[in-house]
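One structure below.
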Amino acid sequence: MVIKLNKTYNFQIKNYSFGNLSINELNKLFQDGRFAAPFLELQLTKWFSELTHVPGNKGHDHVGKNGELYDAKNFTKNGLKFKPSNQLGQGRTFIAEIAHEKANKLIYICCDVVEFPKLRVKFVQGSELVKQYPKCEVSKTNREAFYE
């Protein structure tokens, strides 16, 4: 599939299991971005062949065929945060200048895992996200509008 910015792609994950866990237990796990992220980062390269996965914590998750840097972020029941990892979490401080500088270098892959196994994926230029969401987060109440 060819990547188009600002287009919402819809997917349905059909094949997944782990040991004796039920589908409901797995769905609940995959609705948490921390658990879904490593699987989605790899799956994105299957859906979008122009992406190459970058293992480890390199400041981005994928590289495009023309050298573009992509970072996958998950929209969960708490919203979407595209702050640098070192600015996320309790006790960490959001520094807009640093966050915006990083965002301006990236294309974000915004993966909606709220209704897993249904997924929505949207590629958005970081500079555009920063203009619309200067605090580097999209509230859960804006989820539907974001994926329109």
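Please treat every number below as a calculation from the coordinates, not as lab data. Because the structure is predicted, anything quoted here is derived from the model rather than measured. Cβ atoms come from the backbone with ideal geometry, glycine included; neighbour counts cover every protein chain shown.
A few notes on this one:
- The GNM of the chain, with springs linking C-alpha atoms under 10 angstrom apart, assigns the highest mean-square fluctuation among Gly59, Gly33, Gly126 to Gly59.
- For region 1-45, the spread of Cα coordinates along the three principal axes comes to 38, 20, 16 Å, biggest extent given first.
- Charge tally in the Cβ shell below 13 Å around His62, where Lys, Arg are +1 and Asp, Glu are -1, His62 excluded: -1
- The chain shape via C-alpha gyration tensor axes, a/c threshold 1.5: prolate
- Seen against the Cα atoms of the chain and their longest principal axis, helix 33-47 is set at about 90 degrees.
- A Förster radius of 25 Å, combined with the Cβ-Cβ distance separating Leu42 from Asn78, puts the computed FRET efficiency at roughly 0.60.
- For the chain, modelled as a GNM whose springs connect Cα atoms under 10 angstrom apart, the maximal fluctuation among Thr52, Thr76, Thr93 occurs at Thr93.
- Low-density loop cleavage sites - trypsin sites (Lys or Arg not before Pro) in region 1-106, where at most 14 other Cβ are within 10 Å (DSSP): Lys4, Lys7, Lys14, Lys58, Lys65, Lys77, Arg92, Lys105
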